[in-house]
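Heads up: the structure comes next, in structure tokens.
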Amino acid sequence: MTSPNENNNNPSPDPDDNYVYTWREPPEEEEGTSRQLADLPSSFFQFFQHSTQRQTQDCFGGISGVEEAGNSSSAPPAATESESTSSGSTSKSSSDLEEDFIEGDFVENNLPQLGQPASVQPPSPISSLPPHPRQAYLDSLNASTPPLITPPPPHLIWTLEQARKLTTSTTSQFGPSSCGLTSLTHILTSLHHPLPSPATLLSLLPPSLRSSDPTTTPLHTYLISRSRAGTTHSQIITAIQTLTNNKIVGKFFPLNHHTTNPSKLLTTLATWIDAGCAPLATLNPQKISTLADAWHHQMIYGVDANTVLLTNPLEKIPIDEFLPQITSESVLLIKREDVLKFHQQNYDLRLLTRIGQEWNEMNVLGTVSHMLHEEESPHSTTTTIKKTPHLPIPAEYTAGISVFCSWDNPFRESLFNFVI
């Protein structure tokens, strides 16, 4: 780690380093302290010096009318080089860029461009190079005190206008329960991989649909269809790797509210984005609003000091609202009116006990029986009696982050070994 200057108590910055940082004397580290995120190779930190000077290329040549992917090979593939044009830009300080970000006025040519790390060749020998100043920041992630160095926001894959253009172009391509398909197109676009037609994508990743006819669908069949509607993170990862012949690979990081630290989550997302990855959130919007009726997949196209930027829909969510959704238990709330609508007369409620052990542990039968009893009560029409608003059922989704990157990203293995 670079030692502080004796005169001004500040580390000597690299003249090519555009990051803003402050120095504090780090606390003495207790013996045996783990540094999981600091295990990256020195080449990773050298990459950040290059990434601050990269220029953004326009990757929006069309959502459906792009050229087909190159020939596949059985050997571990190397990512296809994307044709791009770079435009000159005037450098801008991190404080100015942060101000532009807050105001929504993004400067395209000053943003880091996703997909470039694979082409960066770190100088050799790496061992002779001094550590990047962000080394101190990564070293502090598992310390008991706050990070010594805060990364300068924002960390972006796209500008706001680019993200809006992409979201507008893709949200209407597919039918219901298609957030997984939409996220797939966003991931491929961010990593500069050609997109097949919507019909091809639908055949590769067909979403499960919920039952919609209460006259022919028994209650238990309807509830099962709700628990499986859409796509899971594992199906999305498999589809992307199949479609790209493993030129793009992904790994899922499950999260839970007991162990996930919001500050550490933000810095991990920022590191992934800066290193050429595309994160995808699988989250439960019902944790902050019962108006939502399904789980959701949304690509993360940027983060700043306290917020997460998402596509489909285009959102800027504070971390304290994002965290409950991304660490949710695998539960889906079914609205009371939907349960009553699909409950047919003379329906055998015992069928609800035969769905699975998880369903019995959540007492789905008991909750449905209680809802029906509330409807039959002589006070059911009064407004003073609070009725059960939702039926909790198991959901076939796991909250967390799927991170995708090119196979030939030089930092792939280190990035995939993060512990959030």
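Taking every alpha-carbon pair under 8 Å whose residues sit at least 6 apart, region 263-420 reaches a relative contact order of 30 percent.
Ordering of 180-189, 341-350 by packing is 180-189, 341-350, highest average first (other Cβ atoms within 10 Å, averaged per residue). Along the Cα-to-Cβ line of ALA305, 7 Å from the Cα, sits a label point; which residues in region 156-191 have backbone N less than 12 Å from it? Within reach of a label on ALA305, which here means backbone N under 12 Å from a point 7 Å along Cα→Cβ, region 156-191 contributes nothing. Cross-link reach is defined here as a Cα-Cα straight distance under 21 Å, omitting same-chain residues fewer than 8 places apart; for LYS335 the lysines meeting it are LYS287, LYS386, LYS387.
The C-alpha atoms of region 256-385 occupy a region whose extents along the principal axes are 60, 34, 26 Å, arranged from largest to smallest. Would you list which lysines come within 27 Å of LYS247, measuring only between C-alpha atoms, while excluding same-chain residues fewer than 8 positions from it? List returned: LYS165. Taking packing as the residue-averaged number of other Cβ atoms within 10 angstrom, the listed peptides 283-293, 355-365 run from highest to lowest as 283-293, 355-365. A Förster radius of 30 Å, combined with the Cβ-Cβ distance separating GLU413 from LEU204, puts the computed FRET efficiency at roughly 0.65. The equivalent ellipsoid that matches the C-alpha gyration tensor of region 313-415 spans semi-axes of 40, 19, 11 angstrom, in descending order.
No lab work stands behind these numbers, since they all come straight from the coordinates. All values derive from a computational prediction rather than experimental measurement. Virtual Cβ from ideal backbone geometry, glycine too; neighbours counted across all protein chains shown.
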